[in-house]
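Novice: Below are the structure tokens for one structure; questions will follow.
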Amino acid sequence: MDFQSWRHAFKLDPAKEIADDALERVCKSGTDAIIIGGSDGITLDNVLDLTARVRRFNVPVVLEVSELEAIVPGFDYYFIPTVLNSEDPKWIKGLHHEAIRAYGDMMDWEELVPEGYCILNGDCKAAMLTGADTELTDEDVIAYARLAEHFFRLPIFYMEYSGKYGDPQLVHEAAAVLDRTQLFYGGGIDCAVKAVEMAAVADTVVIGNLVYENLEQALSTVPAVAETAKHSIK
Ligand code: 1GP
């Protein structure tokens, strides 16, 4: 199944521990994909280790690239964030340019999927790392969504609230201005009810911390999202 039809994904952090039986349940949960990614402590070793463990199961696996030293082969897709609301060009196009300068000749462009990130929780690691301007009005966020779709023509617009539950109304408003660009929502989903609320307005919901904090609750989001239709909002 192409990433365009994914409704639910778990994001696993290579810097965090997960036991084999928990990982098996996550990978066999019926989720549409496992995204491997995190903001710090990412090393070649921990990415290789987690990748090998996830690869034993029949679920699509994505590497969300945050560290150029930790890119390994064998993924279904490589998601490449560009942080649209970063104040530092390094996170918008700088690292990307560096990587393409080094490896451009051998890149398989079909596997690379750029994600236009809009980071909305100023306290999260990603916001601090990338110098994101999170003091945004709703109009600013809508403009970033339009920038992603109409100007940069990005396949994904990612509303990233990592660690904090976001505003479903704002996600709904962003969804309403997107047509071809897929809307990802991630952040603070800690139960099936919140997963359903966001799945009703976003194309794809991403669940991260909950896997480590409450596995049963995390697993309960999978059937809940599968039963949820995205609202028709056009
Ligand atoms: C993080 O968007 C994901 O990149 C998920 O956020 O860890 O808060 O679920 P949580």
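Novice: Which value results for Rg/Rh of the chain when Rg is the Cα radius of gyration and Rh the Kirkwood radius based on the inverse mean 1/r?
Specialist: Rg/Rh: 0.93.
Novice: Using the Karplus curve 6.51 cos²θ - 1.76 cosθ + 1.60 with θ = phi - 60°, work out ³J(HN,Hα) for each residue of region 186-199 in order, rounded to whole Hz, and write x for Gly and Pro.
Specialist: Working through the residues one at a time gives x, x, x, 6, 10, 6, 5, 4, 5, 4, 5, 4, 6, 5 Hz.
Novice: Nearest 0.05, what FRET efficiency do Glu139 and Tyr165 give at R0 = 30 Å with Cβ-Cβ as r?
Specialist: My answer for the efficiency is 0.90.
Novice: Among DSSP beta bridges whose residues both lie in region 48-186, state the antiparallel percentage, nearest 5.
Specialist: Details: 1 of 20 bridges.
Rounded to the nearest five, the antiparallel share is 5 percent.
Novice: Considering only DSSP beta bridges whose two residues both sit in the chain, what percent are antiparallel, to the nearest 5?
Specialist: On the way: 1 of 33 bridges.
Given both bridge residues lie in the chain, the antiparallel proportion sits at roughly 5 percent.
Novice: Mind ordering 221-230, 94-103 by average Cβ neighbours within 10 Å, highest first? Numbers along the way, then the final one.
Specialist: Numbers: 221-230: 16.7, 94-103: 13.2.
Order by mean packing, descending: 221-230, 94-103.
Novice: I've got another one for you. Which of the three applies to region 1-82, rounded, prolate or oblate, going by the alpha-carbon gyration tensor with a ≥ b ≥ c and a/c under 1.5 meaning rounded?
Specialist: It is oblate, given that a/c is not under 1.5 and a/b is not larger than b/c.
Novice: For Glu115, enumerate residues with amide H under 5 Å from its amide H, sequence gap 5+ or separate chain, H modeled in the peptide plane.
Specialist: So Glu115 has HN proximity to Ile80, Thr82.
Novice: Ok, one more. Translational diffusion coefficient of region 146-234 at 10 °C, 1.306 mPa s, Stokes-Einstein with Kirkwood Rh over Cα pairs, in µm²/s as a whole number. Mind showing how you got there, number by number?
Specialist: Values: Rh = 13.2 Å.
For the chosen part, D equals 121 µm²/s.
Novice: Taking the alpha-carbon centroid of each part, what is the distance from region 1-68 to region 146-181 in angstrom?
Specialist: That distance is 23 Å.
Each reported figure results from applying straightforward, stated rules to the coordinates on display, with no laboratory input. These numbers come from a predicted model, not from an experiment. Here Cβ is always computed from backbone atoms with ideal geometry, including for glycine, and neighbour counts include all displayed protein chains.
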